[in-house]
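Comments concern the structure below.
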C-alpha cells in the first residue's frame, strides 16, 4: 500500500512539473506578440482606463475612452 501511494504522489509531481513547464513557455511566447497587436496604449483623461490608441477618442490634446467622457472632459482630482 505504501509503494502505491508513493507512486501516485510521484506521478502527480511529474504531471505538475510538466504542466508548469509547458504553461510557462506559453505565457512567455504570447506576451510580446499580444502587446504589439494592441498597439500603443493611452489613458482616458476622465476615468483613467487604458485602451489602444486606435479605439480612443481625442478632444484637443487629450484622449478619452468614449464620446461621453470626451464631452465631460478631464476629471478634476
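Taken together, the values in this text are just the output of simple stated rules run on the coordinates, not laboratory data. Remember, it's a predicted structure, so these values are computed and weren't measured experimentally. FYI the Cβ positions are ideal-geometry reconstructions off the backbone, even for glycines, and counts take in every protein chain you see.
Using 0.36 nm per residue and subtracting the Cα-Cα separation, the extra length available between residue 14 and residue 75 on full extension is 16.7 nm. The peptide list 62-72, 8-18, put in order of mean Cβ contacts within 10 Å with the highest first, becomes 62-72, 8-18.
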